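Below you'll find the structure, written out as structure tokens, and then a few comments.
The values are calculated or read from the model by the stated rules, or taken from the named source; none is laboratory data. Small disclaimer: the values here were computed from a predicted structure and weren't measured. Here the Cβ positions follow ideal geometry from the backbone for every residue, glycine too, while neighbour counts run over all protein chains shown.
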Amino acid sequence: MTDVVRLELQGEIALITVNNPPVNALGHAVREGLLQAFQSAEADPQVRAVVLVCEGNTFIAGADIKEFGKPPQAPSLPEVIEVIEGSSKPSVAVIHGTALGGGLEVALGCHYRIARKDSKVGLPEVKLGLLPGAGGTQRLPRLAGVEKALDMIVSGTPISAAEAVEHSIVDELFEGDLRESGLAYARRMVEEGRAPRRTGEQTRGLEGADNEALIRAKHAEVAKRMPGLFSPLRCIAAVEAATKLPLAEGLKRERELFAECLNSPQRGALVHSFFAERQAGKINDLPSDVKPRPIKTAAVIGGGTMGVGIALSFANVGVPVKLLELNDEALQRGLQRARDTYAASVKRGSLTEDTMEKRLALITGVTDYAVLADADVVVEAVFEEMGVKQQVFEQLDAVCKPGAILASNTSSLDLNAIAAFTERPEDVVGLHFFSPANVMRLLEVVRGEKTSNEVLATAMAIGKQLKKVSVVVGVCDGFVGNRMVFQYGREAEFLLEEGATPQQVDGALRNFGMAMGPFAMRDLSGLDIGQAIRKRQRATLPAHLDFPTVSDKLCAAGMLGQKTGAGYYRYEPGNRTPLENPELAPMLEAASQEKGIERKALDEQYIVERCIFALVNEGAKILEEGIAQRSSDIDVIYLNGYGFPAFRGGPMFYADSVGLDTVLARVKELHARCGDWWKPAPLLEKLAAEGRTFTEWQAGQ
Ligand code: 3H9
């Protein structure tokens, strides 16, 4: 056996244990170990049944993602599973934690499956740009039926063990010890004289439904909901093969489709996103012995949309939270907003009435700062004005207990200045939530000049507690996300002056894969927000940083976006569908004329490059200034907070894949054509000259 797979005999039962922390991934040594263990059990005349169990927190969580793209090493997973399934002695997989991807495929290769009640099973390969490549697309439909298999494989979302039993994926649930439960089940198999029950030989799941219609419907759903994605269509094709071909041929077809996915650029981007998200949680210069402070109670200042969203985020994970407003009327509005948000979820069916009441009971409305004295963390979400922040932080400093985390949700103001309003700047940190805060996964954790290591570690732990993806950023105007989006949005507006319409710009960027175009996004968040930022920036930025004027014209006309029924688009009452705003065309004409620009048609690639490369050039500056720790952190921010397409890996990874020399050449052209704000970032020039990528670069090199 290998170090990571053990075989021991328990009477007539062979007990095979996988121990490959952290998630028992199926790296080369595990595959080899499993093969040897199952072959030994088969060859040993004393053995009458086999139990497969895993140590640690989880059953096998899939293939080892780090091996993708490297030369394959035998035995392959399909070969191992063929041996497991082909064995003449009945085997049972004992599932706990999450049996995912190749892990579930191994379990499907075993003849029986039992699962601990709290476990989950799934085939999430599609999220990595892949499809289940070790028989999952052939074996799952044979057990669960084509409809359920398509749902699981195309969405990648795991299901609970109980649901897996309902769909014949798992035979039985258990509670308690893994080994004992597995051995007890195996003894029963022996007593009952059960023969191997090979999944590949089952047909029940493939019968009795109109599989062709199910496949057609899934195609239509994918075309609508996942445009531009490579692997979902291949997932469907593989399941279709299961409905039409004998197992061996179906498996062969699955391998071909898997190889297509493995070689697609989308797989590279999605695997990058997976590791980038995990890497983001690591802070380079934080000593490993720093322990976060415990967070048992929270408080939020401000009962507006943002403050309430933050309060809901705490309540959602069971943390009692006080919501502070200045007067009773504003407080009641905030509390009502909290109730309305939950009620909408109850109406949609995603929350039960009972859970809603339990969560609401965790939110206490208050109007007096003194009652915040016992809070472990206080998050300020008041108006974005330094004077207002000053009042809040001075009061917090006066009432909060020593050791409380004082956090600001500012999206652009100087956190160091905010910290200086207190006598304890080391306890001040930025927690920049994204709207709606109870839904969006991204959290920028802003590290001030004086923020202590312990407070930073606690802020990251709070993010984890709230189930957010937290990324550490440094202090600058707009931090990472908004500083970059400012450049992106500005270019989008310049395109309007050059001749494009909002529909064309939004359409081009949606075709690129952005969840929303920049103008639809501005209409949603309100044009007055950008106007306030521009006002502040005009006072400090150099004159050559020309500002486009269309947005100001709309604001002057009272068209602030969806909330006023018109902005870049027009909206019918109660309907968010963007329609053409007839009042915009003359404003566009006027804006072009004022600058002496002759309006002309713009092509889609030009639109995309202008907006996306503006993100990249600013991202390069952010990286070099140390505002972000690594380029993949910038990607994580854009993937989770700004609707950047995951299959492109984030703006910095996208630039790497285009080639930094190509990006630099386009940036230089734009610099010559548009103005000095397009000056190439020195880091972009350096890496392009050295033939390196952002991903390879680390600070100080
Ligand atoms: C597949 O199976 C293909 C087959 O169909 C066909 C083959 C032919 N490999 O997420 P966490 C690392 S595709 C390597 O923070 P959690 C992760 O990077 C695969 N490493 O923990 C991290 O490392 P570090 C299908 C992996 O408790 C550490 O483990 N399977 C893998 O929050 C802890 O991870 C999947 O897509 C892996 N497969 O969540 C499952 N998985 O500490 C992917 C994790 O150095 N994994 N790592 O940063 C997950 O969804 C979650 O990790 C899991 C645990 C739910 C398991």
Restricting the search to the stretch 306-332, which residues are surrounded by 15 or more Cβ atoms within 10 Å (Cβ to Cβ) and either without any contact (Cβ under 8 Å) to a residue 12 or more places away in the chain or of a type outside the set (A, V, I, L, M, F, W, C) (or both)? GLY307, GLY309, SER313, ASN316, PRO320, LYS322, GLU325
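Take the residues in the stretch 59-77 that are in contact with a strand residue (DSSP E or B) (Cβ under 8 Å, 6 or more places away or on another chain) and in contact (Cβ under 8 Å) with a residue 60 or more places away in the chain, then tell me which one is surrounded by the most Cβ atoms within 10 Å (Cβ to Cβ).
Checked the stretch 59-77; the qualifying residue surrounded by the most Cβ atoms within 10 Å (Cβ to Cβ) is PHE59.
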Just to be sure, is SER160 over 23 Å from GLN202 (Cβ atoms), hydroxyl-bearing (Ser, Thr, Tyr) and modelled with pLDDT of 95 or more? no
Considering only the stretch 594-701, give the helices (runs of 4 or more DSSP H) lying wholly within it that have at least 3 residues that are surrounded by fewer than 22 Cβ atoms within 10 Å (Cβ to Cβ). 604-624, 660-674, 682-690
Name the single residue that is nearest to ILE84 (Cα to Cα) among those in the stretch 98-121 being surrounded by fewer than 24 Cβ atoms within 10 Å (Cβ to Cβ) and near the ligand (Cβ under 9 Å from one of its atoms). THR98
Taking the stretch 253-282 as the search range and keeping residues that are touching a residue at least 24 places away in the same chain (Cβ under 8 Å) and away from the ligand (no atom under 13 Å from the Cβ), which one is nearest to PHE68 (Cα to Cα)? GLY268
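For the stretch 81-99, give me the residue count where each residue is in contact with a Ser or Thr (Cβ under 6 Å, 6 or more places away or on another chain) and aliphatic (A, V, I, L, M).
Final tally of qualifying residues: 1.
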Filter the strands (runs of 3 or more DSSP E) completely within the stretch 11-120 down to those with at least 3 residues that are within 18 Å of TYR185 (Cα to Cα). 13-18, 49-54, 91-95, 112-116
Give the residues of the stretch 68-97 that are within 16 Å of ALA164 (Cα to Cα), among the small types (Gly, Ala, Ser) and more than 8 Å from the ligand (Cβ to nearest atom), sorted by residue number. ALA93
Going through the stretch 432-469 in order, the residues found to be buried (at least 23 other Cβ atoms within 10 Å of the Cβ) and in contact with an Asp or Glu (Cβ under 8 Å, 6 or more places away or on another chain) are HIS432, THR451, VAL455
Which residues, taken from the stretch 658-685, are among the hydrophobic types (A, V, I, L, M, F, W, C) and free of Cβ contacts under 8 Å to residues at least 60 places away in the same chain? VAL658, LEU660, VAL663, LEU664, ALA665, VAL667, ALA672
Which residue pairs have Cβ atoms closer than 9 Å, lie 6 or more positions apart in sequence or on different chains, and pair a first residue in the stretch 78-96 that is closer than 12 Å to ARG197 by Cα with a second residue that is among the charged types (D, E, K, R) and assigned to a helix (DSSP H, G or I)? GLU85/ARG139; GLU85/GLU201; GLY86/GLU42; SER87/GLU42; SER88/GLU42; LYS89/GLU42; SER91/GLU85
So is ASP477 in a loop (DSSP other than H, G, I, E, B) and in contact with a helix residue (DSSP H, G or I) (Cβ under 7 Å, 6 or more places away or on another chain) or not? yes
Within the stretch 150-192, how many residues turn out to be in contact with a Lys or Arg (Cβ under 7 Å, 6 or more places away or on another chain), over 29 Å from CYS261 (Cα atoms), in a strand (DSSP E or B) and not aliphatic (A, V, I, L, M)? 1
Just to check your reading of the model, which residue among LEU143, LEU131 is within 28 Å of LEU270 (Cβ to Cβ) and either modelled with pLDDT under 95 or more than 9 Å from the ligand (Cβ to nearest atom) (or both)? LEU143
Can you tell me which residues in the stretch 222-252 are free of Cβ contacts under 8 Å to residues at least 40 places away in the same chain and of a type in the set (D, E, K, R)? LYS224, ARG225, GLU240, LYS244, GLU249, LYS252
Say whether the condition of being in a loop (DSSP other than H, G, I, E, B), more than 36 Å from the chain's Cα centre (by Cα) and in the same structural domain as LEU52 (by the TED database) is met by at least one residue in the stretch 224-241. no
Test ILE65 against the criterion of being under 22 Å from GLU163 (Cα atoms), within 16 Å of the ligand (Cβ to nearest atom) and assigned by the TED database to the domain that holds THR157, and give yes or no. no
What is the residue count in the stretch 36-88 for residues that are more than 16 Å from ARG113 (Cα to Cα) and among the β-branched types (Val, Ile, Thr)? 4
Go through the stretch 574-593 and give me each residue that's more than 16 Å from PRO502 (Cα to Cα) and in a helix (DSSP H, G or I). GLN593
Selection within the stretch 19-54 - more than 9 Å from the ligand (Cβ to nearest atom), out of contact with any helix residue (DSSP H, G or I) (no Cβ under 6 Å at 6 or more places or on another chain) and of a type in the set (Val, Ile, Thr): VAL30
Is it the case that some residue within the stretch 326-347 is part of a loop (DSSP other than H, G, I, E, B), within 30 Å of ARG534 (Cα to Cα) and not polar (S, T, N, Q)? yes
Looking only at the stretch 306-314, decide whether some residue is β-branched (Val, Ile, Thr), more than 16 Å from the ligand (Cβ to nearest atom), at negative phi and assigned to a helix (DSSP H, G or I). yes
Within the stretch 55-62, is even one residue away from the ligand (no atom under 15 Å from the Cβ) and of a type outside the set (A, V, I, L, M)? no
Using the structure shown, decide if GLY334 is assigned by the TED database to the domain that holds LYS467, small (Gly, Ala, Ser) and in contact with a Leu (Cβ under 7 Å, 6 or more places away or on another chain). yes
